[in-house]
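Structure first, commentary second.
What follows is calculated from the coordinates using simple rules that are stated; it is not laboratory data. On a predicted model such as this, the values are computed, not experimentally measured, just so you know. Methodologically, a virtual Cβ is constructed for each residue, glycine included, from the backbone with ideal geometry; neighbour enumeration extends over all protein chains shown.
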Amino acid sequence: MRTASRLRLLITPWLAAAVCAAPALANPYETRLDNGLRVIVKEDRRAPTAVHMVWYRIGSMDEVDGTSGVAHVLEHMMFKGTPTVGPGEFNKRVAAAGGRDNAFTSRDYTAYFQQIPREKLGEMMALEADRMRHLNVDASEFAQEIKVVMEERRMRTDDDPQAKLFEQMNAVAFQAHPYRRPIIGWMSDLENMSAADAKAWYDNWYVPNNAYVVVTGDVDHKAVFALAQQHYGALPARALPLRKEQVEPRQEGPRRVTVKAPAELPVLIMGYKMPILRDARQDREPYALEILASILDGHDAARFNRKLVREDKVALSAGVSYDSTARGPGMLYLYGSPAEGRSVAELESALREEIKRIQEQGVSAAELRRSKAQLIAGQVYKLDSMFGQAMEIGQMEAVGLPWQDVEVMRERLQNVSAAEVQAVAKKYFNDDALTVGILDPQPLDGKPRRPAVAVRH
């Protein structure tokens, strides 16, 4: 199912890309067509398959008030056909070729992909090039699809208490920056959206000079470049609308929000404003924050699970999320659900105490080694696929980090010192940059049972 990406509580994409980057000279390979479309190819001969991805440098952060959700709505409309490919036929053609396809929208980008036998790559390029230029945004098709999106919002946000909490936290944590708006859009904006809004979004942003193609698999890069020229090369470039930078004002005190919703247990989320990677070679603190997050919640023996869940039994679950790559401002989240008989206030105090211990005592050499090893091993396993490699290359490029810097990022991570971890803990975990969200559970009233503990979304 095509869905809007919610808050990414995942290990950062640049680390994964660092692991998958092959030491072989020049692999991945890259070229740029005359119309501005970049093509990046990672050769991987392990299986006779290929992954084809088209990434557009456009996401929900580029929307304006009143049309929130239009990036995701247009993603749905991209499957509604062109003059030569009827509604719903795109998926059927991919399936007939022995492949599968999907798409996803985030705050920073929108992407489309197919996993197919390698000999079908040209056919997939032809399909994507067709809808990059000739999409039908039919009013009747739009009227049906907007209902699908509104129902998706009801199921994935309105009826999910933790998703509602994340949504409300973002709206409070960010005041000026577009990250304050949900990717899927506010319901009132969806109710008032028109086919013309979707068409304008398509006309403005779905052009080759605002896109790039990533191909991984059992392919020859020269042959891929030739196919890209054949299918995408004739598409005209167009001037892009001016993107005005929206800078989030400095937060000058703690913020709190409470969401009341049917649920079994309360949930606590503590979100701190944090720096993220802008320059892989010069920045240092985001790497230290990655290690800090892993020490707290990167493995079974990490501090939160060991101390708060197993020893003190103050938490039923507790975790950390920090994504060091994004086009917009960064956040680090501490989250959890209190154990039976324990309160949200007790859990918040316990989370703060674990941060305080690192601020005052630092971290051990053993913890540092274990966390680095866990991060690297986890990403090696995760990226044992062509799709994973394409994803990580694409995500890096989407947030403005060139894939050529992956080895630099890996080295910087491995060189993080215990002193650097302690320094970022002291510098950034203060209440002036904190937003606290609390899910206040209400009676279920016979409704379907909700998740009992905080989980990663």
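According to the square roots a ≥ b ≥ c of the eigenvalues of the Cα gyration tensor, what is the shape class of the chain, taking rounded for a/c under 1.5, prolate for a/b larger than b/c otherwise, and oblate for the remainder? It is oblate, given that a/c is not under 1.5 and a/b is not larger than b/c.
Using a simple spin-label model with pseudo-atoms 7 Å out from Cα toward Cβ, Arg156 and Gln229 lie 3.9 nm apart.
For segment 289-343, applying the loop criterion from DSSP together with a ceiling of 10 other beta carbons within 10 Å to the GluC sites (Glu not before Pro) yields Glu340.
In a fully extended conformation the segment linking Asp312 and Gln361 would gain 15.7 nm over its present Cα-Cα distance, using 0.36 nm per residue. Dividing the summed helix terms, -39500 (n - 2.57) for each DSSP H run of n ≥ 4, by the number of residues in the chain produces a 222 nm estimate of -12000 deg cm²/dmol to the nearest 500.
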